[in-house]
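For reference, the structure is listed below as structure tokens.
The values are calculated or read from the model by the stated rules, or taken from the named source; none is laboratory data. All figures in this text were calculated on a predicted structure; none of them were measured in a lab. Virtual Cβ from ideal backbone geometry, glycine too; neighbours counted across all protein chains shown.
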Amino acid sequence: MSRFVISKSGTRDAGAISWLLAQTLWVGGLWLLHFLLLPAITKIGLASLLVDEIANALRPLLVGLAAVCAGLQVLVLIRAERLASLWRDARGQLLLVVVVMAGSYFAVARLLEAELWLMFSYLVMAFCGLLLVLQPVPQKLRRQL
């Protein structure tokens, strides 16, 4: 007999797991880079130009990861609680802000190269992610956990 049991509601479990995994990846990645990794390599004593190069290489990657993972969370939320929950629910609103900010990050980076806006949109995504972590897993998915 196998130790692992496959539940009848595998798709609901998969939805809840994908919600939590995606949330962990993008929120943790954004916070880890900006508030832990970059200050740590600055404190180590690396040249500031090198730190800036590392930040300029990793930030767009993490913003792209945040956009993809937030998009996945949008799909999970729609599947769990219908399309209207995107506008009415705090989770949906936060996810939409993250997707819009990620889009504006790439648009501004390509068109204007305004560093202040890039940092603003990055931090808005990070703080929206923090608020999203405080929200519960979508209702229909949570029953199965």
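So which residues in segment 25-78 are among the hydroxyl-bearing types (Ser, Thr, Tyr) and under 17 Å from the mean Cα position of the chain (by Cα), if there are any at all?
Here is the first cut: in segment 25-78, the ones among the hydroxyl-bearing types (Ser, Thr, Tyr) are 42, 48.
Once the filter is applied, which keeps residues that are among the hydroxyl-bearing types (Ser, Thr, Tyr) and under 17 Å from the mean Cα position of the chain (by Cα), segment 25-78 yields nothing.
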Only one of Ala109, Ala84, Ala66, Ala70 is free of Cβ contacts under 8 Å to residues at least 40 places away in the same chain and not polar (S, T, N, Q), namely Ala84
Run Leu77 past the list (1) surrounded by 16 or more Cβ atoms within 10 Å (Cβ to Cβ); (2) without any contact (Cβ under 8 Å) to a residue 12 or more places away in the chain and report the number of the one that doesn't hold.
(2)
With segment 22-113 as the region, which helices (runs of 4 or more DSSP H) entirely inside it contain at least 2 residues that are closer than 26 Å to Pro136 by Cα, modelled with pLDDT of 95 or more and of a type outside the set (Val, Ile, Thr)?
48-81, 90-111
Against the condition surrounded by 18 or more Cβ atoms within 10 Å (Cβ to Cβ), touching a helix residue (DSSP H, G or I) at 6+ places or on another chain (Cβ under 7 Å) and hydrophobic (A, V, I, L, M, F, W, C), how does Leu86 come out, does it pass?
no
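Residue by residue through segment 91-141, note down the ones that are among the polar types (S, T, N, Q), under 13 Å from the mean Cα position of the chain (by Cα) and surrounded by fewer than 20 Cβ atoms within 10 Å (Cβ to Cβ).
We begin by selecting, within segment 91-141, every residue among the polar types (S, T, N, Q); these are 93, 104, 121, 135, 139.
Restricting the remaining residues to those that are under 13 Å from the mean Cα position of the chain (by Cα) gives 121.
None; the set is empty.
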